[in-house]
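A.B. asks: Would you mind keeping the following structure in view while I ask a few things?
The values are calculated or read from the model by the stated rules, or taken from the named source; none is laboratory data. As the structure is a prediction and not an experimental result, all values here were calculated from the model. Counting neighbours? That spans all protein chains shown, and the Cβs are built from the backbone with ideal geometry, glycine included. For the accessible areas, the whole protein counts, side chains as well, though only heavy atoms, and no ligand, DNA or RNA atoms are used. Shrake-Rupley method; radii C 1.70, N 1.55, O 1.52, S 1.80 Å.
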Amino acid sequence: MIRIGLLGAARIADKAIIQPAAKRSDAVIAAVAASTLEKAQVFAKQFDIELALGSYEALVTRDDIDLIYNALPPSMHAEWSIKALQQGKHVLCEKPFAMDAAEAKAMVAAADASGRLLIEGYHYRFHPVFAEVERLLKSGELGTIHTVRSNFSVRIAETPGSLRHNVPLGGGALMDLGCYPLHWLRTLFGSTSEILWAEAICPKPQLDSSFELRLQFPNGPLCYVGCAMSEHLSRHHDASLYLEGDKAQLEVLNLVAPHQGHKLCLTKDGETHEYQIKGDTTYDHQLEHTLSCIKGETKPLTGGRDAIDQMQLIDDAYIAAGLLPRGLCK
């Protein structure tokens, strides 16, 4: 039985790990830690968690926890992931992995030194829909990909305490939303790319409410990336990927959360075939992958060098747009 501790009484924890764990017989949510004991107790009662703790330190130092789910703000990912690893815990850390590449390197070094797993929570990565995109690309059915368009946009209203609108906590559209299409592209076409152009709209200093990029992968396609969390957008997110090859084209609608409804549109010789891929929630697949890694049955698909390169690209994108990397905004 893998005993999971929640680092932070975060709203995302319910669908990201509490619900998936409840479906399994090999994992249990054993404890939750929050900034105050009262907050942890309220959360524990709401989700029927046995143990509530009033400090993060109290959780990571316990010897009856195997896996830490780190859902703290990005500004706290490095500190508490490293402390958990040093205490012999495996860590599933929410995206974005860190505030910048320097923090990511320190986190990966701590994981290597501890011999424990540090997995980044790009939950889409573990779903059969993304595996289908990879299959089509590798099969050659699309031919040579020359142009890619990717986007993740949704309205995120600014509310009191909203970390997505708080730059020192790691906020911004690129950190919260744009990280997804960047990760899609890096996973499909290689870890490094050249930034040809970048531009951000900032309603407040350093706070990007929208971000656009053009990337070129070595011997690969020209990629257009967009993301936005502006107030004028729909509450329904647009998470789309379009691959244009010289043999066929593929459009994927809702690549971030395909379990909420998705569509793959494959166009070849003027005919379009629309279809779907069966699967559980992305979070079910993520937990399955994490537990399989802990059991030694498979290797992690995220974390490690991938996480470092991902944060380096985000750093470089902010700089290219004339902004500071988040690690310099604390």
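A.B. asks: Residues ARG116, ARG164: which one is under 26 Å from HIS259 (Cα atoms) and open to solvent by 20 Å² or more (accessible area, probe 1.4 Å)?
C.D. replies: On the way: ARG116 fails: under 26 Å from HIS259 (Cα atoms).
Only one candidate passes the filter, namely ARG164.
A.B. asks: Related question: Among (1) open to solvent by less than 80 Å² (accessible area, probe 1.4 Å); (2) under 25 Å from VAL256 (Cβ atoms); (3) of a type in the set (A, V, I, L, M), which single condition is ILE2 missing?
C.D. replies: Only one criterion in (1) open to solvent by less than 80 Å² (accessible area, probe 1.4 Å); (2) under 25 Å from VAL256 (Cβ atoms); (3) of a type in the set (A, V, I, L, M) is unmet by ILE2, namely (2).
A.B. asks: Considering only the stretch 205-245, state which residues are more than 13 Å from PHE189 (Cα to Cα), of a type outside the set (Gly, Ala, Ser) and in a loop (DSSP other than H, G, I, E, B). If you could, list the steps in order and put the result at the bottom.
C.D. replies: Filtering the stretch 205-245 down to residues more than 13 Å from PHE189 (Cα to Cα) leaves 205-214, 224-242, 244-245.
This time we only want the ones that are of a type outside the set (Gly, Ala, Ser), so: 205-208, 211-214, 224-225, 227, 229, 231-233, 235-238, 241-242, 244.
Answer for the stretch 205-245, where residues must be more than 13 Å from PHE189 (Cα to Cα), of a type outside the set (Gly, Ala, Ser) and in a loop (DSSP other than H, G, I, E, B): PRO205, GLN206, ASP208, MET229, GLU231, HIS232, LEU233, ARG235, HIS236, HIS237.
A.B. asks: Looking at the stretch 202-229, which of its residues are within 19 Å of the chain's Cα centre (by Cα) and either in contact (Cβ under 8 Å) with a residue 24 or more places away in the chain or open to solvent by less than 10 Å² (accessible area, probe 1.4 Å) (or both)?
C.D. replies: Within the stretch 202-229, ASP208, SER209, SER210, PHE211, LEU213, VAL225, GLY226, CYS227, ALA228, MET229 qualify.
A.B. asks: Could I ask something else about it? Taking the condition within 19 Å of LYS295 (Cα to Cα), open to solvent by 20 Å² or more (accessible area, probe 1.4 Å) and free of Cβ contacts under 8 Å to residues at least 40 places away in the same chain, does GLY54 pass?
C.D. replies: Details: within 19 Å of LYS295 (Cα to Cα): no; open to solvent by 20 Å² or more (accessible area, probe 1.4 Å): yes; free of Cβ contacts under 8 Å to residues at least 40 places away in the same chain: yes.
Against the criterion (within 19 Å of LYS295 (Cα to Cα), open to solvent by 20 Å² or more (accessible area, probe 1.4 Å) and free of Cβ contacts under 8 Å to residues at least 40 places away in the same chain), GLY54 does not qualify.
A.B. asks: Follow-up question, since we're still on this one. VAL154: surrounded by 21 or more Cβ atoms within 10 Å (Cβ to Cβ) and of a type in the set (Val, Ile, Thr), yes or no?
C.D. replies: Considered against the rule, which asks whether it is surrounded by 21 or more Cβ atoms within 10 Å (Cβ to Cβ) and of a type in the set (Val, Ile, Thr), VAL154 comes out as no.
A.B. asks: Taking the stretch 283-330 as the region of interest, how many residues are open to solvent by 50 Å² or more (accessible area, probe 1.4 Å), assigned to a loop (DSSP other than H, G, I, E, B) and at pLDDT 95 or above?
C.D. replies: If we filter the stretch 283-330 for residues that are open to solvent by 50 Å² or more (accessible area, probe 1.4 Å), which is where we start, we get 288, 295-301, 305, 312, 316, 319-320, 322, 324, 328, 330.
Those still in the list that are assigned to a loop (DSSP other than H, G, I, E, B) too: 295-301, 322, 324, 330.
Within this subset, residues satisfying the condition of being at pLDDT 95 or above are 295-301, 322, 324.
Number satisfying all stated conditions: 9.
A.B. asks: Something else now. Restricting to the stretch 241-292, count the residues that are more than 21 Å from CYS227 (Cβ to Cβ), more than 21 Å from the chain's Cα centre (by Cα) and among the acidic types (Asp, Glu).
C.D. replies: The qualifying residues number 4.
A.B. asks: So which residues in the stretch 95-127 are within 21 Å of LYS295 (Cα to Cα), in contact (Cβ under 8 Å) with a residue 24 or more places away in the chain, outside any helix (DSSP H, G or I) and not basic (Lys, Arg)?
C.D. replies: Residues satisfying the conditions are LEU117, LEU118, ILE119, GLU120, GLY121, TYR122, HIS127.
A.B. asks: Same structure again: Can you confirm whether the stretch 262-282 contains a residue that is among the hydroxyl-bearing types (Ser, Thr, Tyr), more than 28 Å from ALA320 (Cα to Cα), touching a His at 6+ places or on another chain (Cβ under 9 Å) and surrounded by 19 or more Cβ atoms within 10 Å (Cβ to Cβ)?
C.D. replies: Start the filter on the stretch 262-282 by keeping residues that are among the hydroxyl-bearing types (Ser, Thr, Tyr), which leaves 267, 272, 275, 281-282.
Restricting the remaining residues to those that are more than 28 Å from ALA320 (Cα to Cα) gives 267, 272, 275, 281-282.
Filter again for touching a His at 6+ places or on another chain (Cβ under 9 Å), leaving 267, 281-282.
In the following step, the residues that additionally are surrounded by 19 or more Cβ atoms within 10 Å (Cβ to Cβ) were identified as 281-282.
Taking every residue of the stretch 262-282 in turn, at least one turns out to be among the hydroxyl-bearing types (Ser, Thr, Tyr), more than 28 Å from ALA320 (Cα to Cα), touching a His at 6+ places or on another chain (Cβ under 9 Å) and surrounded by 19 or more Cβ atoms within 10 Å (Cβ to Cβ).
A.B. asks: Residue check: is ALA78 crowded, with 23+ Cβ neighbours inside 10 Å, at pLDDT 95 or above and touching a Phe, Trp or Tyr at 6+ places or on another chain (Cβ under 6 Å)? Steps first, answer last, please.
C.D. replies: On the way: crowded, with 23+ Cβ neighbours inside 10 Å: yes; at pLDDT 95 or above: yes; touching a Phe, Trp or Tyr at 6+ places or on another chain (Cβ under 6 Å): no.
No; evaluated as a whole, the condition is false for this residue.
A.B. asks: Name the residues in the stretch 19-47 that are open to solvent by 20 Å² or more (accessible area, probe 1.4 Å), assigned to a helix (DSSP H, G or I) and not acidic (Asp, Glu), would you? Talk me through it step by step, then tell me what you get.
C.D. replies: Of all residues in the stretch 19-47, those open to solvent by 20 Å² or more (accessible area, probe 1.4 Å) come to 19, 22-26, 28-30, 35-39, 41-42, 45-47.
Filter once more, keeping what is assigned to a helix (DSSP H, G or I): 19, 22, 37-39, 41-42, 45-46.
Listed by number, the residues that qualify are GLN19, ALA22, LEU37, LYS39, GLN41, VAL42, LYS45, GLN46.
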